Amino acid sequence: MSIANQETAHPETPPLADAARSGAETPVFPPSDLYSDEPPLETYLHLRQLLLLLACLEWYWRDRNDFFAAGNLTVYYSPHQRKSEDFRGPDFFVALNTERKPRKSWVVWEENGKYPNVIIELLSDSTAKTDRGLKKQIYQDTFRTPDYFWFDPDSLEFEGFHLMDGQYEPIQPNSQGWRWSQQLQLFLGIQDQQLRFFTPEGQLVLTPEESARAEQQRAELAEQQVTQAQQQITEAEARNQKLAAKLRELNIDPDAL
């Protein structure tokens, strides 16, 4: 499921009338039911899920400059290098070993033939059939994307596939229901009804806001521990002073003990 992403013909393509006069070949557009007419994000849940995936990965890899992650961005892959044919708009994808920079779209022939390494589709009633069928076939046979996942923010359906010998094989979940992405070197799993990333050690990959809150909580805990330690020292000193006073009442010099 993704935003409608069909663009007009490439600006360099001449109008049909000019093409006819010049003898140029008239552009042939693909069937609209195959390459366009894709609905937008259907619910707030889908939008929130997409933004969550982006925020988590961008923050987790904030010190890296060798990847590109995007949501609802068109991938153009025409063998004729035309933006009027052969394009798809994955809900979320990650390309590795590439420059980390803003892009208006992912144009395969401008990216040295590179396709996404990981794709995640967010299922909806209107797109689930395509995501499970046609898109899966395209990502397997044309994109050759190693890791493909889908997730339904409403029903929480979650599946993952890894490319093995040219065919997608289901990724078996671990005891927590998480699935391993070999490309990301991260687990994907459901927590609080959302798809999240987890480290190989099982730690939740946080958003910047969650990380800031966690850091604040650690600082507050450290401050509490210092306060408690100071209070214990004060109480111990008070007990010692009380004991010393009692010894003096008994004509015993506490300093001589």
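The values are calculated or read from the model by the stated rules, or taken from the named source; none is laboratory data. Owing to the predicted nature of the structure, the values given are computational and were not obtained by experimental measurement. When we count neighbours, we look across all protein chains shown, and the Cβ atoms used for this are built from the backbone with ideal geometry, even at glycine. These accessible areas exclude ligands, DNA and RNA; they are computed on the full protein's heavy atoms, side chains included. Shrake-Rupley method; radii C 1.70, N 1.55, O 1.52, S 1.80 Å.
Taken together, the residues in region 141-166 that are assigned to a strand (DSSP E or B) and not charged (D, E, K, R) amount to 10. Taking every residue in region 125-146 that is within 15 Å of Glu157 (Cα to Cα) and pairing it with any residue that is among the aromatic types (Phe, Trp, Tyr), at least 6 positions away or on another chain, the pairs with Cβ-Cβ distances below 6 Å are Asp131/Trp150. Restricted to region 205-239, and to residues there that are at pLDDT 80 or above and open to solvent by 100 Å² or more (accessible area, probe 1.4 Å), the residue that is nearest to Leu51 (Cα to Cα) is Glu209. Restricting the first residue to region 93-122 and requiring it to be over 15 Å from Ile138 (Cβ atoms) and of a type in the set (Lys, Arg), which pairs with a second residue that is part of a loop (DSSP other than H, G, I, E, B) and open to solvent by 20 Å² or more (accessible area, probe 1.4 Å) meet a Cβ separation below 6 Å and a spacing of at least six or different chains? The qualifying pairs are Arg100/Asn65. Surrounded by 16 or more Cβ atoms within 10 Å (Cβ to Cβ) and within 15 Å of Ala70 (Cβ to Cβ), is that true of Ala95? Yes; evaluated as a whole, the condition is true for this residue. If the requirement is being open to solvent by 80 Å² or more (accessible area, probe 1.4 Å), outside any loop (DSSP other than H, G, I, E, B), modelled with pLDDT of 95 or more and not small (Gly, Ala, Ser), which of these qualifies: Glu169, Glu201? After ruling out the rest, the residue left standing is Glu169. The residues on offer are Ser105, Ser126, and the sole one that is surrounded by 12 or more Cβ atoms within 10 Å (Cβ to Cβ) and of a type in the set (S, T, N, Q) is Ser105.
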